[in-house]
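Sending over a structure as structure tokens; questions will come in a sec.
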Amino acid sequence: LLVHGSPVSYGSFTLSIPLAIIGHGHDPAAGPAPYIPGATIDAGAAGSLIEGLTFGYIQQYAPDAIIRGCKFGTFLSIFSTATGNLISGCVFINCYIDVDGSAANLEVRNNYFSHSGNDNNFKGGSATTLVHHNVFVRTYTGSPSSNRIFQASTAFSVFADNVFYTEVVAAFNPQDCPNYSFQSNLSYCTAGT
């Protein structure tokens, strides 16, 4: 299903069968991006492809799905039935990914996370969640207790080859997630080491 850009929202939807939904990009050079305020991808939509759209949010239940080249403004929730998913090349502006602890074989790669507010970028995770080659930018300088990249979690996830850039030292908080594994990441803070 090809979706053309429009200055008017397409409205929310629930996908319950396998389908490829392709827009012309979350930040097209000419014309408005296709905007979807919210979507629920049911387990019956296994193997679906969602590409090149701008979303408020997605609630992802489908296994073996790919979400690629999309833009998010609220959240992306990955539920326990969403096994074998790939999230790639997406842009997350002032929003987060929330991963259920039973969501197996999730790969989150080559995405850009930018947050200028007081919520987390990444919540939860599972022992088979791999988060690699992403950029996390935190420009919020307010309350240290709510200005964190990670929500405190006992979940297991691997973070490898990512870049973390923050305006305050406390925003990069791997110590709040003792079971996360951090490998070959770069972190930089403009306010200190």
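Where in the range 106-193 are there strands (runs of 3 or more DSSP E), lying fully within it, with 1 or more residues that are in contact with a Phe, Trp or Tyr (Cβ under 8 Å, 6 or more places away or on another chain)?
Because the criterion is at least 1 residues that are in contact with a Phe, Trp or Tyr (Cβ under 8 Å, 6 or more places away or on another chain), the strands (runs of 3 or more DSSP E) in the range 106-193 that meet it are 112-115, 122-124, 129-132, 135-138, 158-160, 163-166, 181-183, 186-189.
Still on this structure, I have one more. Could we say that residue 111 is crowded, with 17+ Cβ neighbours inside 10 Å and either within 28 Å of residue 161 (Cβ to Cβ) or at pLDDT below 95 (or both) here?
For residue 111, the condition - crowded, with 17+ Cβ neighbours inside 10 Å and either within 28 Å of residue 161 (Cβ to Cβ) or at pLDDT below 95 (or both) - is met.
For the range 41-92, give me each residue that is closer than 19 Å to residue 1 by Cα and aromatic (Phe, Trp, Tyr).
55
Here's something else I'd like to know. Without any contact (Cβ under 8 Å) to a residue 40 or more places away in the chain and in contact with a helix residue (DSSP H, G or I) (Cβ under 7 Å, 6 or more places away or on another chain): does that describe residue 103?
no
Now for a separate question. Can you pull out the residues in the range 8-20 that are modelled with pLDDT under 95 and either touching a helix residue (DSSP H, G or I) at 6+ places or on another chain (Cβ under 6 Å) or hydrophobic (A, V, I, L, M, F, W, C) (or both)?
8
Quick check: anything in the range 43-62 crowded, with 18+ Cβ neighbours inside 10 Å, touching a Phe, Trp or Tyr at 6+ places or on another chain (Cβ under 7 Å), at pLDDT 95 or above and not in a strand (DSSP E or B)?
Yes, some residue in the range 43-62 is crowded, with 18+ Cβ neighbours inside 10 Å, touching a Phe, Trp or Tyr at 6+ places or on another chain (Cβ under 7 Å), at pLDDT 95 or above and not in a strand (DSSP E or B).
Out of 23, 5, which single residue is open to solvent by less than 20 Å² (accessible area, probe 1.4 Å), at pLDDT below 95 and either farther than 19 Å from residue 95 by Cβ or under 14 Å from the mean Cα position of the chain (by Cα) (or both)?
Only one candidate qualifies: 5.
The values are calculated or read from the model by the stated rules, or taken from the named source; none is laboratory data. Since the model is a prediction, treat every value here as computed from it, not as a measurement. For neighbour counting, all protein chains shown are included, and Cβ atoms are generated from backbone atoms with ideal geometry for every residue, glycine included. For accessibility, only protein heavy atoms count, side chains too; no ligands or nucleic acids. Shrake-Rupley method; radii C 1.70, N 1.55, O 1.52, S 1.80 Å.
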